[in-house]
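In what follows, a single structure is set out as structure tokens and then discussed.
The values are calculated or read from the model by the stated rules, or taken from the named source; none is laboratory data. A quick note: this is a predicted structure, and the numbers were derived from the prediction, not measured. Every residue, glycine as well, gets a Cβ built from its backbone with ideal geometry; the counts of neighbours run over all protein chains shown. Note: accessible area is taken over every heavy atom of the protein model, side chains too, but ligands, DNA and RNA are not part of it. Shrake-Rupley method; radii C 1.70, N 1.55, O 1.52, S 1.80 Å.
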Amino acid sequence: MPEFTFRHFLYLCSMNGQAKVPSGFHGIVKWQSPSNIALVKYWGKKGVQLPQNPSISFTLSQCRTETSVTFEAAENFSLRFYFEGNENQAFAAKIEKFLLDHVADFPWLNQMSLNMESNNTFPHSSGIASSASSMSALVLCLLDIDRMLKGEAEIDLKKASCLARIASGSASRSVFPMMALWGKTDTLATSSDEYAVSLENQMNPIFKTYCDSILIVSDAAKLVSSRAGHSLMENNPYAAARYAQANRNIENLLAALRDGDLETFIEITESEAMQLHALMMCSTPSFILMKPNTLNIISEIRRFRETTQIPLCFTLDAGPNVHLLYPKQYADAVETFIDENLVRYCTDSKWIKDCVGNGPQKLMVMDAG
Ligand code: 2P0
């Protein structure tokens, strides 16, 4: 534990029930946080950003957001937000709403001027959703400021996951390395609807070597947002059957992850991707996010697996791009397959090489208060 200083005492002293930020308190925090790809999908929510069923994801490595927050004690709250060098007022307004809804978690907010800068490591218009990486990076920065004011040594990752969830459901899972599970399941006693938990110690070592090659079928903006897609589950006639199936898939996938059972892993992962898109197709109104080349790639992957016996499988996010999942020992064979057979289905031959990663990383903290 760090030394408990006079500054921490001042902060914790109550002024009309509110913590007082010492004048002159300023500094900068910087975190990078990765995106994640769900294997069992979160699709349908209830209450305040709570999932209708548990989900499991791989934490990625290369697709990350880097966010820095410069902070300074001030009379009032103020916020500026820059994305890739340009001020973005629409995004600043969204973040401001999220923050002002959580003044109880960040009681210093109304005495702080914040300047945020955010950059993605993945290319512009790559069709990769960034809410998981951006929201988890932002929450980690804010909790670091909070930690400094309280004189605490470490950020509480459970709290980080919980706040990231409220900002964007899938962001709750990006806080942990390797794999995470979000949502209550009887199969895992520590699980919760409120936050994700790490699955790192539940994984057979083969899964820690997994690669995710992301084939960019289209980088155009989606016609239906994930937020809208989630809400269409409320009247989906198959919703109850879907949530029951997702729970069974969680139980069986957890067993496969522990046992290194690649056959079950492939069966569940591909079935989950197909179910997600089937749910979209039978929503009212119906919508389709896959493209013809999504299906061409899926057919080629199944043919390749049958011919080579290499345990390559696919999953899909809420979009047309295809994630190829496989153990690293097959990387040469799969990359040759991509170059020779699959890039023809990608927009501008684009694909991203990613793999399972170590979770968020603190890049800088300077507290000059
Ligand atoms: C997932 N997706 O489990 C699922 C599968 C997309 C397909 O979570 O409204 O951006 O911010 O909670 O997390 C995408 O939805 O939605 C998503 P919000 P989010 O990764």
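When each of T59, T70 is tested for being at pLDDT 95 or above and over 30 Å from E200 (Cα atoms), the lone residue that passes is T70.
Counting only residues that are in contact (Cβ under 8 Å) with a residue 40 or more places away in the chain and farther than 15 Å from F176 by Cα, the range 139-165 holds 11 of them. Report whether or not S130 is open to solvent by 20 Å² or more (accessible area, probe 1.4 Å), touching a strand residue (DSSP E or B) at 6+ places or on another chain (Cβ under 8 Å) and touching a residue at least 24 places away in the same chain (Cβ under 8 Å). For S130, the condition - open to solvent by 20 Å² or more (accessible area, probe 1.4 Å), touching a strand residue (DSSP E or B) at 6+ places or on another chain (Cβ under 8 Å) and touching a residue at least 24 places away in the same chain (Cβ under 8 Å) - is met.
Taken over the range 315-346, residues that are closer than 24 Å to A278 by Cα and open to solvent by 30 Å² or more (accessible area, probe 1.4 Å) amount to 2.
Looking across the range 28-41, the residues that are more than 8 Å from the ligand (Cβ to nearest atom) and either open to solvent by 10 Å² or more (accessible area, probe 1.4 Å) or under 12 Å from the mean Cα position of the chain (by Cα) (or both) come down to I28, K30, W31, Q32, S33, P34, S35.
Selection over the range 80-100 of residues that are part of a helix (DSSP H, G or I) and open to solvent by 90 Å² or more (accessible area, probe 1.4 Å) gives a count of 3.
The condition of being outside any helix (DSSP H, G or I) and touching a His at 6+ places or on another chain (Cβ under 9 Å) holds for T315.
Is at least one residue of the range 238-249 over 17 Å from N341 (Cα atoms), surrounded by fewer than 16 Cβ atoms within 10 Å (Cβ to Cβ) and of a type in the set (K, R)? Taking every residue of the range 238-249 in turn, at least one turns out to be over 17 Å from N341 (Cα atoms), surrounded by fewer than 16 Cβ atoms within 10 Å (Cβ to Cβ) and of a type in the set (K, R). Could you list, in sequence order, all residues of the range 178-191 that are in a loop (DSSP other than H, G, I, E, B), of a type outside the set (D, E) and out of contact with any strand residue (DSSP E or B) (no Cβ under 8 Å at 6 or more places or on another chain)? Residues satisfying the conditions are K184, T187, A189. Just one of the numbered conditions (1) closer than 20 Å to V29 by Cβ; (2) open to solvent by less than 30 Å² (accessible area, probe 1.4 Å); (3) assigned to a loop (DSSP other than H, G, I, E, B) is not true of V103: (2).
For first residues located in the range 42-55 and open to solvent by less than 70 Å² (accessible area, probe 1.4 Å), partners that are within 8 Å of the ligand (Cβ to nearest atom) and of a type in the set (K, R) and lie 6+ apart or on another chain with Cβ distances below 7 Å form the pairs Q49/R165; P51/K45; Q52/K45; S55/K41.
Mind listing whichever residues of the range 304-314 are in contact (Cβ under 8 Å) with a residue 40 or more places away in the chain and buried (at least 19 other Cβ atoms within 10 Å of the Cβ)?
Matches in the range 304-314: C313, F314.
Note on the range 146-155: residues that are open to solvent by 10 Å² or more (accessible area, probe 1.4 Å) and either within 16 Å of the ligand (Cβ to nearest atom) or in a helix (DSSP H, G or I) (or both) total 3.
Evaluation of G369 against the conditions (1) under 30 Å from V175 (Cβ atoms); (2) part of a loop (DSSP other than H, G, I, E, B); (3) at pLDDT 95 or above shows that the sole unmet condition is (3).
Restrict the check to the range 108-123 and report whether at least one residue is under 23 Å from the mean Cα position of the chain (by Cα), in contact (Cβ under 8 Å) with a residue 60 or more places away in the chain and open to solvent by less than 40 Å² (accessible area, probe 1.4 Å). Yes, there is a match, as at least one residue in the range 108-123 is under 23 Å from the mean Cα position of the chain (by Cα), in contact (Cβ under 8 Å) with a residue 60 or more places away in the chain and open to solvent by less than 40 Å² (accessible area, probe 1.4 Å).
Residue-wise test of (1) open to solvent by less than 10 Å² (accessible area, probe 1.4 Å); (2) among the aliphatic types (A, V, I, L, M).
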{"site": "L142", "(1), (2)": "yes, yes"}
{"site": "L157", "(1), (2)": "no, yes"}
{"site": "S168", "(1), (2)": "no, no"}
{"site": "L181", "(1), (2)": "yes, yes"}
{"site": "M203", "(1), (2)": "no, yes"}
{"site": "T209", "(1), (2)": "no, no"}
{"site": "S213", "(1), (2)": "yes, no"}
{"site": "A220", "(1), (2)": "no, yes"}
{"site": "L223", "(1), (2)": "no, yes"}
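The numbered conditions (1) of a type in the set (A, V, I, L, M, F, W, C); (2) assigned to a strand (DSSP E or B); (3) away from the ligand (no atom under 16 Å from the Cβ); (4) open to solvent by less than 10 Å² (accessible area, probe 1.4 Å) are all true for I352 except (4). Condition check: open to solvent by 20 Å² or more (accessible area, probe 1.4 Å) and in a strand (DSSP E or B). Does T59 satisfy that? Criteria not met by T59.
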